[in-house]
Amino acid sequence: MENLDRLAIHTMTTKPWDLPTACAKYSAAGVPGVGVWRQWLEGRELAESKKLLDDHGLTPVSLVRSGFYPGLTSEERQTSLDDNFRALDEAAAIGAPQVVLVCGAKPELSLIENRKQITDGIAACIDHAAKTGVKLSIEPLHPMYADCRSAVNTVGQCNDMIDQLGAEHVGIAVDVYHVWWDPQLEAELKRAGDRILGFHVCDWMTPTADMLNDRGLMGEGCIDNRGIRQMVENAGFNGWIEVEVFSTRHWARDMDEYLKDIIEAYRAEV
């Protein structure tokens with residue numbers, strides 16, 4: 001992607017930078033979009049965070065993250081719902097059109113029960129999403145996280161869930177790290193169509209040193225980022241392309257050089 005008009009970078013990708021620094025650096029480098037993680041909103045008024053984004057000409061493309069619906073008690077589940085409502089309010093306050101859902105899972109519960117509680121939890125958030133004008137974007141996670149991070153693991157499961165919910169305020173965030181392996185990916189992306197609200201890019205390292213914090217920049221691993229981009233675009237998606245990299249290796253680098261490499265990898269591999 002030679003043109004940077006659709007490039008967004010998640011604040012978690014450049015974890016050492018706080019929000020003011022990230023805004024200044026992204027803007028100076030010509031990056032127009034940002035995926036804001038909720039931790040980066042802490043310590044200041046939401047209006048101040050919005051002003052930071054606006055003053056640097058940055059578009060908040062997503063707020064990350066909410067979800068984590070399953071609970072062992074009704075009190076746990078209600079606490080989760082309350083946090084989801086807050087996330088929707090936060091997204092509306094900074095102008096983000098979607099909240100990315102990491103749906104959660106409890107190892108003490110069966111997959112069936114986890115998925116039922118996830119579906120029920122999203123259903124309980126739909127009215128609030130409609131009121132705020134912010135969409136709920138389900139992110140399927142790689143099956144290695146099915147025990148404790150998310151029992152929603154494929155685009156197909158997302159499609160089935162949205163069919164069941166029948167909600168126009170619910171869509172899908174497609175992260176290549178989590179779905180690149182899926183033999184049904186292309187068919188399910190076509191089925192998803194305009195349900196695709198977000199597209200996240202990075203790479204899968206071989207070997208992977210850490211299940212969470214060893215992602216690569218696009219081109220460092222085995223994921224066909226460009227091919228999957230073409231799949232989502234063939235399905236009708238033409239929105240932001242969000243770079244989301246968790247990497248202790250990259251976080252330890254000079255951040256200015258790292259940002260240059262992010263942009264170069266985006267141009268060359270996406």
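The values are calculated or read from the model by the stated rules, or taken from the named source; none is laboratory data. Remember, it's a predicted structure, so these values are computed and weren't measured experimentally. Cβ placement follows ideal geometry from the backbone for every residue including glycine, while neighbour counts extend to all protein chains displayed. Heavy atoms of the whole protein, side chains included, go into the accessibility calculation; ligands, DNA and RNA do not. Shrake-Rupley method; radii C 1.70, N 1.55, O 1.52, S 1.80 Å.
Antiparallel beta bridges, as assigned by DSSP with both residues in the range 119-258, represent about 25 percent of the total such bridges. Evaluated over the Cα positions of the range 194-259, the convex hull gives a direction-averaged projected area, one quarter of its surface, of 5.0 nm².
Using the Kirkwood formula on the Cα atoms of the chain, what hydrodynamic radius do you get, in angstrom to one decimal?
Working: mean 1/r = 0.0538 Å⁻¹.
With all distinct Cα pairs of the chain included, I get 18.6 Å.
Each other residue within a Cβ distance under 13 Å of His250 adds +1 if Lys or Arg and -1 if Asp or Glu, for a net charge of -4.
Mean separation of Cα pairs under 8 Å and 6 or more residues apart, divided by the residue count, gives the chain a relative contact order of 18 percent. On the principal axes of its alpha-carbon atoms, the range 1-128 has extents of 48, 33, 28 Å, going from largest to smallest.
In Å², and per residue, what accessible area does the chain have when probed at 1.4 Å with the other protein chains present?
41 Å²
Summing Lys and Arg as +1 and Asp and Glu as -1 over all other residues whose Cβ lies under 12 Å from the Cβ of Gly221 gives a net charge of -4. Based on alpha carbons, the Rg and Dmax found for the range 127-270 are 15.6, 47 Å. Taking all Cα pairs closer than 8 Å and separated by 6 or more residues, the relative contact order of the range 173-270 comes to 32 percent. Stokes-Einstein, applied to the Kirkwood radius of the range 9-84 over Cα pairs at a viscosity of 1.002 mPa s and 20 °C, places its translational diffusion at 158 µm² s⁻¹.
What is the range 97-191 by shape, rounded, prolate or oblate, if you read a ≥ b ≥ c off the alpha carbon gyration tensor as root eigenvalues and call it rounded for a/c under 1.5, prolate for a/b larger than b/c, and oblate otherwise?
Values: a/c = 1.75, a/b = 1.18, b/c = 1.48.
The shape class here is oblate.
Normalising the average separation of contacting C-alpha pairs (under 8 angstrom, six or more residues apart) by the number of residues puts the relative contact order of the range 1-94 at 27 percent. Number of Lys-Lys pairs in the chain with C-alpha atoms under 21 Å apart and a separation of 8 or more places or on different chains: 12.
Lys and Arg at +1, Asp and Glu at -1: add these up for the other residues within a Cβ distance under 14 Å of His178 and post the number.
Summing Lys and Arg as +1 and Asp and Glu as -1 gives -4.
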